[in-house]
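One structure is given here, and the rest of the page talks about it.
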Protein chains: 4
Amino acid sequence: MSSPTIHGIIGYTITPFSADGTRVDLDALGHSIDRLIDSGVHAIAPLGSTGEGAYLSDAEWDEVSAYSIKKVANRVPTIVSVSDLTTAKAVRRARFAEEHGADVVMVLPTSYWKLSEAEILAHYAAIGGSIGVPIMLYNNPATSGTDMSVDLILRILKHVDNVTMVKESTGDIQRMHQLQRLSDVPFYNGCNPLALEAFAAGAQGWCTAAPNLIPQLNLDLYQAVLANDLDKARQLFYRQLPLLDFILKGGLPATIKAGLRMTGLEAGDPRLPVFPLDEPGRQQLSELLVTLR
Amino acid sequence: MSSPTIHGIIGYTITPFSADGTRVDLDALGHSIDRLIDSGVHAIAPLGSTGEGAYLSDAEWDEVSAYSIKKVANRVPTIVSVSDLTTAKAVRRARFAEEHGADVVMVLPTSYWKLSEAEILAHYAAIGGSIGVPIMLYNNPATSGTDMSVDLILRILKHVDNVTMVKESTGDIQRMHQLQRLSDVPFYNGCNPLALEAFAAGAQGWCTAAPNLIPQLNLDLYQAVLANDLDKARQLFYRQLPLLDFILKGGLPATIKAGLRMTGLEAGDPRLPVFPLDEPGRQQLSELLVTLR
Amino acid sequence: MSSPTIHGIIGYTITPFSADGTRVDLDALGHSIDRLIDSGVHAIAPLGSTGEGAYLSDAEWDEVSAYSIKKVANRVPTIVSVSDLTTAKAVRRARFAEEHGADVVMVLPTSYWKLSEAEILAHYAAIGGSIGVPIMLYNNPATSGTDMSVDLILRILKHVDNVTMVKESTGDIQRMHQLQRLSDVPFYNGCNPLALEAFAAGAQGWCTAAPNLIPQLNLDLYQAVLANDLDKARQLFYRQLPLLDFILKGGLPATIKAGLRMTGLEAGDPRLPVFPLDEPGRQQLSELLVTLR
Amino acid sequence: MSSPTIHGIIGYTITPFSADGTRVDLDALGHSIDRLIDSGVHAIAPLGSTGEGAYLSDAEWDEVSAYSIKKVANRVPTIVSVSDLTTAKAVRRARFAEEHGADVVMVLPTSYWKLSEAEILAHYAAIGGSIGVPIMLYNNPATSGTDMSVDLILRILKHVDNVTMVKESTGDIQRMHQLQRLSDVPFYNGCNPLALEAFAAGAQGWCTAAPNLIPQLNLDLYQAVLANDLDKARQLFYRQLPLLDFILKGGLPATIKAGLRMTGLEAGDPRLPVFPLDEPGRQQLSELLVTLR
């Protein structure tokens, strides 16, 4: 399958809510997408972890999916997360995203009951068989409760033709080494504080919500790697690392929404039970952002 | 708050599906409830982990909830699991269950983004404040991704009046010791292979799907404990332990539905990506059931 | 092989040091052994974790081993821990203990480099083949760094004739269930706060340093289990649990030596880097001991 | 304190044994040291994990320590591991090494009983206070059973003047980030398959036994990093990674000794219970070494 060339900085969008939390604020979503694209990111990824995809009703998910793809309007590729607890609903979302123009869909095997390897493989096969666009396999046990070993990932790559990319978010660099050695499929880093080392190890791109706040630093790091300038990449990485650590520790929806508000884009709060960033956290974030400007 | 006396064997119901998996089979659900009550269980708990509550649409959840409560018809208390990823939806379910006559609601803090202790506490407080019936707090990090320490549980008990029972499913007996020593609130065991020791440690009851298959052995174990007959309890426990291990390892919806089918009650398969029990598993289960009759 | 009947409360001895920490105080050791036997324990176990066996020179180890066996003088069986990092030194210790009259030797596979299952099996086989007395296999990954699965333990039992007892100290009751179901070999509990449940699950004995401080409560718990009186056993267990938790958390050499000092037996301090119990700890221990008298 | 500039490739020596395993083969040790220095390593580190320091008698340890320092003869700095279970014995070894001319001593807090932070700090303070040469703090929970957090390491650096270097072997790159951000003290990588990323993150050196087998590749990787050539460093790293993974997985004493034998230097086998490399392992190692020449 010919696949769009996904590389570089892949910007994850938040899902803005109205002040009372009951509605999606599409207007704010549009602004956030424009800001990301104008800043230079190489792809847009709606409805991921940052986008609170798991916290939306089906109707809201459809609304955000269709609107995001249309708003991006092929300025850069769009990668839509279509994860759902049941295979049937994940298939429905994947088809919906493809029909509305997504370039790639991303699939995280969320779970309540622990899944066997055969169940995970069948889940990917069912989704892959129902669409024509490529799939970015996404491994993130911290949120999904399902950890896919590199061996399992390689089996899925072999059995499901349109799984053509891997996003690894365990933060375990040894898994990236294995992917690099054992497969031709490009891998992407989803762990912010691993950005430098993942590129050193050969990652094709960095899936991150950080460009909502510090796009230039993210892009500069990638450029330094492309320019084979390790010293500069290291310097740029350590400059942004305090912010990367902060948004990981504070939770992406809470910290990114707070940071957007500080930069003039009102995107509401995360949905409860997830709290918005508290006052000490906002103070700290504000200081971090000032330092990085 | 005066609370119904929940004790003994609390039977968890499966949620039967039609052959094509798209509809709930209420008729089969009714039969399974009658069988449990006729066998002598002391309470009925619909929509828990066994009941695939997480895999149902909102409409299906409402349907199963209302039907189950009505079918039980106060023959024994009904404990309805109302867990949901967002606080708003969990509150809605809790109110729905109360309005339809549930005696108790059970709350597991499911998560995508890891929750802080303050977020978990606020989640329970919001649900507790919106209903008048008691809440059974449910800790099961293996499925929910959220582990509540005993300290946190004690704080929730202190701050939310109608949290009056604790179901502990980590399988860590030391947590039950702490609950017994540090609180007057009754605790219940949700880990099947810990049944003997949890009773030894003072558990008020055993939350289990096993009575769908071997009710008499489950009830006899409880009776032996009440009769202070440790030797008999040990003997009864080891007799049923192979089955308890089997249903835990094989997954409750898959193994219980397969077992019900063997005993003449067709309840369909679990929803994908969860697989039904495979042929070697069915063979093993069949042999276990024969041995126990 | 005919094996001495090891059962009940197996009392672990500390190794007393002189005030400056450089010498073993054999006189104090003799007193502590007499106290344990006079209190009614069913066996004596020198040089275990409590006995700081790992912190002694070879000459000190020999001295303590020979003295302890002679002092016990067959009033009860003696179980000598002979663990060492190398197989050669463990064999030497096992032979030494046998020659000096030990009834049983206990072997924990300590490690620096992680051991494979084949290496652990060969270690037991080498020791077993060099002596004629029975071996109590000891699993305690928290101190040894080596965790032996039940499967591995069963393989060792099958291949090494004189491994005829298993001491399980992981605190995982499910392992005891497996040992009970899959083997005729008696198992012993080495995790103090699991005392009640281990007996409920069928443990033949309790390996513990607690009888240095509260022998009657330990013995009463065992008697209640023998008398099939679960209610009484539960009551006795919860009565002593705060002390059992305290000595586990505070470290056995530090807490037992502090407690002995409070009861008039000066046994010195643990060897550095292990600290003696600090003042708040001594205060807490003192209060616990008062409560239990 | 003025500290020798330790940087680059720090080569770890094995401890050769006679064919029957009972004696140290000093002659072979001397050859292995000469080979390492002739190949260009920047420092020599005897008696570490690779050197089976934990498996030696005190007399053997002294013999190897004194001989190694004398043999190196200041051609490069010598870093002697002086770890021992008791503080008293570790102090003795540290003094011995200093008296015999070691430039640096390395200290790993090995444990049987888990150590508190205060105990670990006091252990380092006692050793530091008894010698005049600098200490390289060594964190390796996989072998020592003691994990030192970055916070604890920073406290030790602050309180013990001559702890002036940190060797981190958890394989967790985030700890190196913290050390780089929060301290001026140089850190060294002790996890072979993390070599590329540790240098990318700013490690001053790589502590490794690999130069016994593939010194030029190790040195070339370091040179590429110094030359700011990330692409070349990545290429060199992936070339040697299969061997690095192999020696980590197979255990350093077993694999390095087998590899030395293949290259004409007989160094005996590891001490039991550690097995020498088995035939399939030797075959695999031989193929890896052929590929890398």
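What follows is calculated from the coordinates using simple rules that are stated; it is not laboratory data. Please read all numbers here as calculations on a predicted model, not as lab measurements. Neighbour counts are summed over all protein chains in view; Cβ atoms, including those assigned to glycine, are modelled from backbone coordinates with ideal geometry.
Once a ≥ b ≥ c are taken as the square roots of the eigenvalues of the Cα gyration tensor of segment B:71-210, is the result rounded (a/c under 1.5), prolate (a/b larger than b/c) or oblate (a/b not larger than b/c)? Oblate shape, in that a/c is at least 1.5 and b/c is the bigger or equal ratio.
Shielding by partners for peptide B:195-201, expressed as the average number of C-beta atoms from other protein chains within 10 Å of each residue's C-beta, is 6. Cross-link reach is defined here as a Cα-Cα straight distance under 15 Å, omitting same-chain residues fewer than 8 places apart; for A:Lys114 the aspartates and glutamates meeting it are A:Asp84, A:Asp147, B:Glu52.
The value of relative contact order for segment A:1-81, using C-alpha pairs under 8 Å at least six residues apart, is 36 percent. Listed peptides A:164-174, D:264-274 appear in the order A:164-174, D:264-274 once ranked by packing, highest mean of other Cβ atoms within 10 Å at the front. Return a whole-number percent for the relative contact order of segment A:44-136, with Cα pairs under 8 Å and 6 or more residues apart as the contact set. For segment A:44-136, the relative contact order is 28 percent.
Counted by Cβ distance under 14 Å from A:Lys257, the other residues give a net charge of -1, where Lys and Arg count +1 and Asp and Glu count -1.
Between copies, C:Lys70 shows label-point distances of 4.1, 8.6, 9.5 nm, shortest first, with the point placed 7 angstrom from Cα along Cα to C-beta. Across the copies of the chain, B:Pro280 has label points (7 Å from Cα along Cα→Cβ) spaced 2.0, 5.3, 5.3 nm apart, shortest distance listed first. Each listed q (0.09, 0.14, 0.16 Å⁻¹) maps to a log10 I(q)/I(0) for chain C from the Debye sum over equal C-alpha point scatterers, namely -0.39, -1.00, -1.34. Peptides C:190-201, C:21-32 ranked from most to least packed, by the mean per-residue count of other Cβ atoms within 10 Å: C:190-201, C:21-32. So in chain D, what percent of DSSP beta bridges are antiparallel if you round to the nearest 5? Restricted to chain D, the bridges split so that about 5 percent are antiparallel.
For C:Asp231, inter-copy separations between label points set 7 Å beyond Cα along the Cβ vector come to 1.9, 8.1, 8.2 nm, shortest first.
The mean sequence separation of alpha-carbon pairs under 8 Å and at least six residues apart, normalised by the residue count of chain A, gives a relative contact order of 19 percent. For the residues of C:103-116, the average number of beta carbons from a partner chain within 10 Å of their own beta carbon is 4.
Taking a cut-off of 17 Å, what percent of all Cα-Cα pairs in segment B:173-239 are separated by more than that? Tail fraction, whole percent: 37.
How would the protein assembly as shown be classified by its alpha-carbon gyration tensor: rounded, prolate or oblate, with rounded meaning a/c under 1.5 and the a/b versus b/c comparison settling the rest? It is oblate, given that a/c is not under 1.5 and a/b is not larger than b/c. Packing order of peptides C:92-98, B:71-77, highest average first: C:92-98, B:71-77 (average count of other Cβ atoms within 10 Å over each peptide's residues). Cross-link pairs exceeding 24 Å between alpha carbons, from the set D:Lys89/D:Lys249; B:Lys232/C:Lys232; A:Lys257/B:Lys167; A:Lys158/B:Lys257; B:Lys249/C:Lys167; A:Lys71/B:Lys89: D:Lys89/D:Lys249; A:Lys257/B:Lys167; A:Lys158/B:Lys257; B:Lys249/C:Lys167; A:Lys71/B:Lys89. Shielding of peptide D:86-92 by partners, expressed as the average count of other chain Cβ atoms within 10 Å per residue Cβ, is 4. Specify whether the C-alpha gyration tensor of segment C:191-293 places it in the rounded, prolate or oblate class, a ≥ b ≥ c being the square roots of the eigenvalues: rounded for a/c under 1.5, otherwise prolate if a/b is larger than b/c and oblate if not. Prolate shape, in that a/c is at least 1.5 and a/b is the bigger ratio.
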